[in-house]
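The structure appears below as structure tokens.
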Amino acid sequence: MPPPSQPQSTGRAVQFRGQTRSRDDVSTVDTAVVVTGETVSVNPLAGVEIDSALDFSVPLADITALRCEGMLCRAITLETDTAEYRIPTADLDETAFRNAILQATDLENSCTRLSLGQYGICLCGPGTYAGCLLTVAGLGMILSVVGAALGVLVAGAGVLLLAAVFLSRTISKWRGANVWERPRTGATA
């Protein structure tokens, strides 16, 4: 992999550095993501067409909210007073990226969360993978005469696990567990 491009603002040490794809239909990484003590810089890698890659820099002081989106935290959206910036995280360490931004800003999430989230453990990914595996294994067992009854149980357990993960993620989104905002003060509180 080529080294990521340098951040536009290098006033402080780099807190996070990674590479990602700008869109789901892009086959290889084409964008460098760098978080310093002052900015979040998202720039095309060297040799990549500028049109296809993301290219922006957001001062951390301007970020009013950070939102994790997607069933498996597939994107992070940074909000400012004037714009929103969506950064796909399929190829990034989403937890480290989010924590680098949160440590350098005063964004907070007042939603009561599982203590597993503090350690970067999200049950959505493993739950989804286990649910899919159980469903496929159950369907495979159903196709065989001997394992048909057992296959229905295994496939049912997989579908129930997928439904539980989806419901959990939906409730967390409704509660605001995926949004970090600046604390309100004064008349806006």
message = Assuming 0.36 nm per residue, please report the length gained on full extension of the stretch ALA148 to CYS132 beyond their Cα-Cα distance.
response = 4.0 nm
task = Collect residues whose amide H, placed 1.01 Å from N in the peptide plane, falls under 5 Å from the amide H of GLN19; neighbours closer than 5 in sequence don't count.
result = VAL33
query = In nm, what is the difference between 0.36 nm times the number of residues separating THR77 and ARG23 and their Cα-Cα distance?
reply = 18.1 nm
remark   = Sorted on mean Cβ neighbours within 10 Å (highest first), peptides 154-163, 88-97 come out as 88-97, 154-163
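Calculate, for ASP91 and ALA163, the FRET efficiency according to 1/(1 + (r/R0)^6) with r their C-beta to C-beta distance and R0 30 Å; round to the nearest 0.05.
0.60
Across every pair of different alpha-carbon atoms, what Kirkwood hydrodynamic radius in Å does segment 14-105 reach?
That comes to 13.1 Å for segment 14-105.
No value in this document is a laboratory result; all are computed from the given coordinates. Just so we're clear, the structure is a prediction, and the values are computed from it rather than from any experiment. All Cβ positions, glycine included, derive from the backbone under ideal geometry; neighbour counts span all protein chains shown.
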